[in-house]
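J.: Quick one: the structure is below, and I'll ask about it shortly.
Here, each number is a calculation from the coordinates, and none is a lab measurement. For clarity, every value in this text was computed on a predicted model and none was experimentally measured. Here the Cβ is made from the backbone with ideal geometry for all residues, glycine too, and neighbour counts use every protein chain on show.
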Amino acid sequence: MSERIAFIGGGNMAQAIIGGLIQQGVSPQNIDVVEPSADTRDQLLKSFDVTAQAQASDALTAAGLVVWAVKPQTFKDAALATAPFTAHALHLSVAAGIRTDSMAAWLGSDRIVRAMPNTPALVGQGISGLFARAGASAADRARVEQVMATTGEFLWMDAEDQLDVVTALSGSGPAYVFYFMEAMTMAGTEMGLSREQAHQLAVATFAGASGLAKTSAESPQVLRQRVTSKGGTTAAAIASMEDNDVRALFIDAMYAARERAKKLGNEFGAA
């Protein structure tokens, strides 16, 4: 963990990884960030005491690992500006949609691992899907695992297009959970609870149900059935959702997310 690490982009996901690395013993002096926003650079310095610069420079030549945490729309320009200084490095991308073929063409390197994390990484409870190009060695994969473990769990994909599914499932997934929390909180307030009470109940319910699903040997379907007594209150709620095709609509929404991930790669990934 003593090698220099460069981050291209210093937003929320980069900060989640930086914070995790520092907690694992990486010295802030070994972390460099390229971030155009002066406000974000100031925040990085204040929060982590890391070096931050507005644009790529030969300071990046010392980095053994480069973490790409930029938006898909800006990846190509950032890669072309950075490539002259980082051809020797291992590259780890957490950018949505951009495929490794495009990265390899822009960066002049085949040592590339692509990750699809999610926002619970901000509190060390994320999960990431990982895909490595053939040019990434076993040692490179182990290095990426060491980095991503600071944000939560991870699992490897056999094919890169599976990352579009990961994006739809877990990458965008926290928003689905928050969406249902919003609805539950709204319903609770409409039925007479305070907003604070409804919010606390909704958040605790998701946290508890997730914890139960994680520790139980039974499937979510079986766990749901155990809560759903015939003729009871839960059965009434599930029947209402089934009558309104909530399950089918939810699955359709995930397909829409996957298609958008594919389009991002096509739109912003042309070499």
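J.: Where Lys and Arg each count +1 and Asp and Glu each count -1, what net charge lies around D110 among other residues with Cβ under 12 Å from its Cβ?
T.: Numbers: positive: R111, R133; negative: D101, D140.
Neighbour charge sum, excluding D110 itself: 0.
J.: Another question, if that's okay. At a threshold of 8 angstrom on Cα-Cα distance, excluding pairs fewer than six apart, so keeping six or more, what relative contact order does the chain reach in percent?
T.: It comes to 16 percent, rounded to a whole number.
J.: Which percentage, to the nearest 5, of the DSSP beta bridges contained in the chain is antiparallel? Present the calculation step by step, with values, prior to reporting the outcome.
T.: On the way: 4 of 28 bridges.
Just about 15 percent of them are antiparallel.
J.: Now a separate question. Suppose we look only past 15 Å in the calculated P(r) of the stretch 44-131. What percent of the Cα-Cα pairs does that tail hold? If you can, show how the numbers build up before the last one.
T.: Working: 2350 of 3828 pairs.
Of all Cα-Cα distances in the stretch 44-131, 61 percent exceed 15 Å.
J.: Would you compute, from DSSP H runs of 4+ residues alone, the mean residue ellipticity of the chain at 222 nm, taking -39500 (n - 2.57) per run and dividing by the full residue count, rounded to the nearest 500? Could you put the intermediate results ahead of the total?
T.: Values: 11 runs with 143 residues, N = 271.
Helices in the chain give a 222 nm mean residue ellipticity of -16500 deg cm²/dmol.
J.: If the elastic network links every pair of Cα atoms under 10 Å, which of D243, D77, D158 fluctuates the most in the Gaussian network model of the chain?
T.: Looking only at D243, D77, D158, the biggest GNM fluctuation is shown by D243.
J.: Around W68, with a cut-off of 12 angstrom between Cβ atoms, what is the net charge of the other residues, counting Lys and Arg +1 and Asp and Glu -1? Walk me through the numbers on the way to the answer.
T.: Values: positive: K71, K76, R114; negative: none.
Within the 12 Å Cβ shell, the charges total +3.
J.: Starting from the stretch 126-215, pick out the chymotrypsin sites (Phe, Trp or Tyr not before Pro) whose DSSP state is loop and whose Cβ has at most 11 other Cβ atoms within 10 Å.
T.: Details: sites: F131, F154, W156, Y176, F178, Y179, F180, F206; in loops: none.
Of the chymotrypsin sites (Phe, Trp or Tyr not before Pro), not one in the loops of the stretch 126-215 has a Cβ with at most 11 other Cβ atoms within 10 Å.
J.: Also, I was wondering about something else. Whole Å is fine, so just give me how far the alpha carbon centre of the stretch 68-110 lies from that of the stretch 221-271.
T.: 33 Å
J.: Please state the Cα pair-distance histogram of the stretch 169-271 with 10 angstrom bins from zero: what percent is in each bin?
T.: Spelled out per bin, shortest first, that is 12, 32, 37, 13, 6, 1.
J.: If the elastic network links every pair of Cα atoms under 10 Å, which of K71, K46, K214 fluctuates the most in the Gaussian network model of the chain?
T.: K214
J.: Still on this structure, I have one more. Hey, in the GNM for the chain with a 10 angstrom Cα cutoff, which one of L155, L92, L122 fluctuates hardest?
T.: L155
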